[in-house]
Amino acid sequence: MTGGQFFFIFFYFPKNLMKTTLAKAETTTHDWKIVDATDQILGRLAVSIANALRGRNKATYTPHVDTGDYVIVTNANKIKLTGNKEEQKKYMFYSGYMGNEKYRSVADFREKRPEFIITNAVKGMLPKNKLSSAMLKKLKVYSGDEHPHEAQKATPLLP
């Protein structure tokens, strides 16, 4: 090689080979999934529900776009908790005034509002941003076997 001569090696990448596409809110489709919570462990069920609400089970998952599905949960009153959580786990509610914090156990909620147990667990697993409230609205929880969403023809949610 003589001075002043340089050899450059260029790598050729076809333009259509490396493309990243991001989902848009206008083009996403939201399917309906159904889950029977009978004898399911609460935390493990909440993870799969939260992933379906976010759309993490789809190839078009985009973190800043709501690409998730609607999820129907039936038999919320038959959910299972491991260990002694039925008596020991407490939910705290605070009114804002000094000394006005209330603690309620899972057994209390199972009697009066069993939907709260699943909704609260899923809410804690969603991201803490503006999309989380939109994702949580797509969660439909019912304490019994009946639900008013038969027309949507929901498919089972696989874990």
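The angle between the Cα long axis of helix 42-54 and the main principal axis of the chain comes to about 50°, on a 0 to 90 degree scale. Where only DSSP H runs of four or more residues are counted, the chain gives -7000 deg cm²/dmol as its mean residue ellipticity at 222 nm, each run worth -39500 (n - 2.57).
Based on C-alpha pairs under 8 angstrom that are at least 6 apart in sequence, the range 64-124 has a relative contact order of 28 percent. Compared with the dominant Cα axis of the chain, that is its longest principal axis, helix 114-125 is turned about 30°.
Sorted by average packing, counted as other Cβ atoms within 10 angstrom per residue and highest first, what order do 35-43, 148-156 take?
Values: 35-43: 16.7, 148-156: 11.2.
For the peptides 35-43, 148-156, the packing ranking is 35-43, 148-156.
Direction-averaged projected area, Cα convex hull, the range 69-159: 7.9 nm², rounded to one decimal.
Maximal additional length on extending the T27-K78 stretch stands at 14.7 nm, based on 0.36 nm per residue less the C-alpha distance. Based on Cα contacts under 8 Å between residues 6+ apart, the chain shows a relative contact order of 29 percent.
Readers should treat all values here as calculations from the given coordinates under stated rules, not as data from a laboratory. None of the values given here were measured: they were computed from a predicted structure. FYI the Cβ positions are ideal-geometry reconstructions off the backbone, even for glycines, and counts take in every protein chain you see.
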